[in-house]
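*Asks:* Got a structure for you, written out below as structure tokens; questions coming shortly.
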Amino acid sequence: MILRHLEFLTALARERHFARAATSCNVSQSTLSAGIKQMEESLGVLLVERGQRYVGLTPEGAKVLEWAQHVMTDFEGLQQNLTQMRRGLGGQLKIGAIPVTLPMISLLTTPFAKRHPQATTVIRSLTSIEIQRGLDDFSLDIGVTYLDNEPLVRVRRLQLYTERYVLLTRHGEHPQDRKTISWSEAATYPLCLLTSDMQNRRILDMHFHEAGAEVHAMIETNSLITLWSHLHFGHWSTIVPHSFLPLVGEMEGVRALALVEPDTTHAVGLVASDRDPLPPAARAFLDMAKEMNSKHEIARRLE
């Protein structure tokens, strides 16, 4: 059994298709199948349930996959360490971020890229459930998500900022000097909100319920661009974290009202696996965030 065979198994579990797994490993399908067969013979167990197509892993295969993911992650970390010794940190930093944190993420990734020009940062917009899965199977190094609502497990945490909420709506519907709106009143607006698989939406629903209001979003989407499109081109309102305001600036015809009754906040931050050692890129990213006092810097930008 060799490292390459472990790569074949992790690719097959990820792709759930022999041909796609072979393509991702840059080998032929017959080479991938033969490598997994050699692993099975070496270990004396069946790893993959086979039919006319991929069915899944056996219980023994699932256990071997756990070890394979650890070994592959440790090997990647070793490669990053050796590269760092020769010419600085390299490889990939894989970040998964819930959509509502994306306006703030460049405040961290930009200084990281400047400090480590040989490294590549890959940012994916994911749900909190997908972030948990990615940290568990080592397909992610860092998550950016909520820390105090449906918190992730088996992770180390670093708080970045405290999120508040605003209703974005059209000008002319309120007196110019009005600055706030209650959750119960906001529920009566024609709303475009994120879908319920997004944790931000579940948070909003929770606070509407606390205010004694049941919200009906006439438009739901998992895309922030779609939210902006409906807000900009239609007579819709939406609710977003206040961290969006520096990004969108002054949007013609739109005003922001702080949501109150109840006054609510939630902590947002970085998460990484609690395993040791962390991959060098993940460790460098967390160290940089602590060193630059990212919590203070993001709070300053939001003000």
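*Asks:* Please specify each residue of the range 1-52 satisfying the condition of being among the β-branched types (Val, Ile, Thr), assigned to a helix (DSSP H, G or I) and over 24 Å from Gly134 (Cβ atoms).
*Replies:* In the first step, residues of the range 1-52 are kept if they are among the β-branched types (Val, Ile, Thr); the result is 2, 10, 23, 27, 31, 36, 45, 48.
After this cut, where a residue has to be assigned to a helix (DSSP H, G or I) as well, the list is 10, 23, 31, 36.
Answer for the range 1-52, where residues must be among the β-branched types (Val, Ile, Thr), assigned to a helix (DSSP H, G or I) and over 24 Å from Gly134 (Cβ atoms): just Thr31.
*Asks:* Among the residues of the range 277-284, is any among the hydrophobic types (A, V, I, L, M, F, W, C), assigned to a helix (DSSP H, G or I) and surrounded by fewer than 16 Cβ atoms within 10 Å (Cβ to Cβ)?
*Replies:* Let us first name the residues in the range 277-284 that are among the hydrophobic types (A, V, I, L, M, F, W, C), namely 278, 281-282, 284.
Filter once more, so that each one left must be assigned to a helix (DSSP H, G or I): 281-282, 284.
Those still in the list that are surrounded by fewer than 16 Cβ atoms within 10 Å (Cβ to Cβ) too: none.
Within the range 277-284, not a single residue is among the hydrophobic types (A, V, I, L, M, F, W, C), assigned to a helix (DSSP H, G or I) and surrounded by fewer than 16 Cβ atoms within 10 Å (Cβ to Cβ).
*Asks:* Out of the residues in the range 116-159 meeting the condition of being closer than 27 Å to Leu191 by Cβ and hydrophobic (A, V, I, L, M, F, W, C), tell me which one is surrounded by the fewest Cβ atoms within 10 Å (Cβ to Cβ).
*Replies:* My answer is Ile129.
*Asks:* Report whether or not Gln92 is outside the structural domain of Arg201 (by TED's automatic domain parsing), more than 19 Å from the chain's Cα centre (by Cα) and touching a residue at least 24 places away in the same chain (Cβ under 8 Å).
*Replies:* No, not satisfied.
*Asks:* Which members of the range 131-159 meet the condition of being outside any strand (DSSP E or B) and among the hydrophobic types (A, V, I, L, M, F, W, C)?
*Replies:* So in the range 131-159, the residues outside any strand (DSSP E or B) come out as 131-141, 147-154.
Answer for the range 131-159, where residues must be outside any strand (DSSP E or B) and among the hydrophobic types (A, V, I, L, M, F, W, C): Ile131, Leu135, Phe138, Leu140, Leu147, Leu152, Val153.
*Asks:* Looking at (1) part of a loop (DSSP other than H, G, I, E, B); (2) in contact (Cβ under 8 Å) with a residue 12 or more places away in the chain; (3) of a type outside the set (S, T, N, Q), which is the one condition that is false for Asp177?
*Replies:* With (1) part of a loop (DSSP other than H, G, I, E, B); (2) in contact (Cβ under 8 Å) with a residue 12 or more places away in the chain; (3) of a type outside the set (S, T, N, Q) applied to Asp177, the lone miss is (2).
So that you can scan it fast, the table gives a plain yes or no per residue for (1) within 30 Å of Lys94 (Cα to Cα); (2) in contact with a Pro (Cβ under 9 Å, 6 or more places away or on another chain); (3) not assigned by TED's automatic domain parsing to the domain that holds Leu278:
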{"residue": "Gln118", "(1), (2), (3)": "yes, no, no"}
{"residue": "Ile123", "(1), (2), (3)": "yes, no, no"}
{"residue": "Leu135", "(1), (2), (3)": "yes, no, no"}
{"residue": "Asp141", "(1), (2), (3)": "yes, yes, no"}
{"residue": "Arg170", "(1), (2), (3)": "no, no, yes"}
{"residue": "Glu185", "(1), (2), (3)": "no, no, yes"}
{"residue": "Gln199", "(1), (2), (3)": "yes, no, yes"}
{"residue": "Asp205", "(1), (2), (3)": "no, no, yes"}
{"residue": "His216", "(1), (2), (3)": "no, no, yes"}
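*Asks:* Return the only residue of Ala284, Ala211 being in contact (Cβ under 8 Å) with a residue 24 or more places away in the chain and assigned by TED's automatic domain parsing to the domain that holds Thr110. If you could, list the steps in order and put the result at the bottom.
*Replies:* Working: Ala211 fails: assigned by TED's automatic domain parsing to the domain that holds Thr110.
Answer to the selection: Ala284.
*Asks:* Something else: Given the conditions (1) exposed (fewer than 15 other Cβ atoms within 10 Å of the Cβ); (2) at pLDDT 90 or above; (3) in a helix (DSSP H, G or I), which single one is not true for Leu247?
*Replies:* It is condition (2) that Leu247 fails.
*Asks:* Kindly state which strands (runs of 3 or more DSSP E) lie completely within the range 185-243 and contain at least 3 residues that are buried (at least 19 other Cβ atoms within 10 Å of the Cβ). Write out each step before concluding.
*Replies:* Numbers: elements: 191-194, 217-221, 238-241.
Per the criteria, 191-194, 238-241.
*Asks:* Can you pull out every residue in the range 251-266 that is closer than 17 Å to Arg178 by Cβ, at pLDDT below 90 and of a type outside the set (A, V, I, L, M)?
*Replies:* The answer is Gly253, Arg255.
*Asks:* Taking Leu57 as meeting all but one of (1) in contact with an Asp or Glu (Cβ under 9 Å, 6 or more places away or on another chain); (2) loosely packed, with under 14 Cβ neighbours inside 10 Å, write down the number of the exception.
*Replies:* (2)
*Asks:* Please give the number of the condition Ser128 fails out of (1) outside the structural domain of Asp287 (by TED's automatic domain parsing); (2) modelled with pLDDT under 95.
*Replies:* For Ser128, the failing item is (1).
*Asks:* Name the residues in the range 109-130 that are in a helix (DSSP H, G or I) and more than 20 Å from Met292 (Cα to Cα), would you?
*Replies:* Residues of the range 109-130 in a helix (DSSP H, G or I): 109-115, 128-130.
Once the filter is applied, which keeps residues that are in a helix (DSSP H, G or I) and more than 20 Å from Met292 (Cα to Cα), the range 109-130 yields Ser128, Ile129, Glu130.
*Asks:* Inside the range 58-75, can you point out the residues that are touching a strand residue (DSSP E or B) at 6+ places or on another chain (Cβ under 7 Å), assigned to a helix (DSSP H, G or I) and not small (Gly, Ala, Ser)?
*Replies:* Looking only at the range 58-75, we keep the residues that are touching a strand residue (DSSP E or B) at 6+ places or on another chain (Cβ under 7 Å), and these are 58, 61, 65.
Narrowing the set further to residues that are assigned to a helix (DSSP H, G or I) leaves 61, 65.
The one that is touching a strand residue (DSSP E or B) at 6+ places or on another chain (Cβ under 7 Å), assigned to a helix (DSSP H, G or I) and not small (Gly, Ala, Ser): Leu65.
*Asks:* Looking only at the range 126-138, which residues are under 19 Å from Glu15 (Cα atoms) and within 8 Å of the chain's Cα centre (by Cα)? I'd like the intermediate steps shown before the answer.
*Replies:* So in the range 126-138, the residues under 19 Å from Glu15 (Cα atoms) come out as 126, 129-138.
Of everything in the range 126-138, those that are under 19 Å from Glu15 (Cα atoms) and within 8 Å of the chain's Cα centre (by Cα) turn out to be Leu126, Glu130, Ile131.
The values are calculated or read from the model by the stated rules, or taken from the named source; none is laboratory data. Owing to the predicted nature of the structure, the values given are computational and were not obtained by experimental measurement. A quick note on method: Cβ atoms are made from the backbone with ideal geometry, for glycine too, and the neighbour counts reach across all protein chains shown.
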